[in-house]
Each structure stands twice: as C-alpha cells, then as structure tokens.
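The values are calculated or read from the model by the stated rules, or taken from the named source; none is laboratory data. What you see is a predicted model; the values in this text were computed from it and never measured. Virtual Cβ from ideal backbone geometry, glycine too; neighbours counted across all protein chains shown.
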C-alpha cells in the first residue's frame, strides 16, 4: 500500500516527542527569563535600569549626583540606560532561544536579527 509521502509512524512519534520536549524546554526558559535581572547603564554610570530576560521593567537607580544636572542630561542618561538594558535583555532572550531550538531559524516575532 502506498504511504502517500507521509513519514512512517516511528518518525511521526519521534517528531512529536521532540516537539513536546521543545515545549517543555520553552516553558523552563520562560521561567528562567522571568527571574533574570539584567542591568543597563548610561555611559557615565549615573543611571541603572534593570529588566527581566523577558524585558519586564524591574527597577531604576539614580546616582544622586545626576539630580544636579539639567533636565535634558537626566533624560538622555535614562534613555541611554534603558536602551542598554533593552539590548542586553533582547540579546539574552535571542541567545537562549537559539540554544533551545538548536539554531533552527524559526523566524519568531521579536527575535529576529533585523532591528
């Protein structure tokens, strides 16, 4: 009887097992990313911002001396620290996902090389 181009049952079973393992590993990864605290700083290290591995804002710390600066300087330092934390969080998430998928290019939203 013709198999109509379908893989044999053993191959299907193995594929489902692999998919199930990836799903379990993805759940563990989400939990790991949730508890990570990744710090971004401005270049003068007067502002620190922490994000989780899932890019959830966690906290902000300001060196008291920055409060003596003008409004624009403070705003720029905060933005710089936020960009730094976001970049670290994005890179960490992407690297962890690539480890999980074994380098498969799944083209997942928010985890592409294009920024």
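Going by the structure shown, is residue 84 at pLDDT below 95 and either part of a helix (DSSP H, G or I) or under 25 Å from residue 23 (Cα atoms) (or both)? No, not satisfied. Taking the criterion of being in contact (Cβ under 8 Å) with a residue 12 or more places away in the chain, within 13 Å of residue 32 (Cα to Cα), surrounded by 16 or more Cβ atoms within 10 Å (Cβ to Cβ) and within 11 Å of the chain's Cα centre (by Cα), would at least one residue in segment 78-90 satisfy it? Within segment 78-90, one or more residues are in contact (Cβ under 8 Å) with a residue 12 or more places away in the chain, within 13 Å of residue 32 (Cα to Cα), surrounded by 16 or more Cβ atoms within 10 Å (Cβ to Cβ) and within 11 Å of the chain's Cα centre (by Cα). Checking residue 59 against (1) at pLDDT below 95; (2) outside any helix (DSSP H, G or I); (3) within 25 Å of residue 97 (Cα to Cα): exactly one of these is not met. Which one? It fails just one condition, (1).
Could you check, for segment 34-45, whether at least one of its residues is out of contact with any strand residue (DSSP E or B) (no Cβ under 7 Å at 6 or more places or on another chain), in a helix (DSSP H, G or I) and either surrounded by 14 or more Cβ atoms within 10 Å (Cβ to Cβ) or at pLDDT below 95 (or both)?
So far as segment 34-45 goes, yes, one or more of its residues are out of contact with any strand residue (DSSP E or B) (no Cβ under 7 Å at 6 or more places or on another chain), in a helix (DSSP H, G or I) and either surrounded by 14 or more Cβ atoms within 10 Å (Cβ to Cβ) or at pLDDT below 95 (or both).
Among the residues of segment 20-30, are any in contact with a strand residue (DSSP E or B) (Cβ under 8 Å, 6 or more places away or on another chain), modelled with pLDDT of 85 or more and surrounded by 14 or more Cβ atoms within 10 Å (Cβ to Cβ)? No, the conditions are met nowhere in segment 20-30. Considering segment 61-77, the residues that are surrounded by 14 or more Cβ atoms within 10 Å (Cβ to Cβ) and over 29 Å from the mean Cα position of the chain (by Cα) include one that is nearest to residue 51 (Cα to Cα), namely 66.
Of everything in segment 91-102, what is free of Cβ contacts under 8 Å to residues at least 40 places away in the same chain and surrounded by 14 or more Cβ atoms within 10 Å (Cβ to Cβ)? Give them in sequence order.
94, 98
The criterion of being in contact with a strand residue (DSSP E or B) (Cβ under 9 Å, 6 or more places away or on another chain) and modelled with pLDDT of 95 or more does not hold for residue 65.
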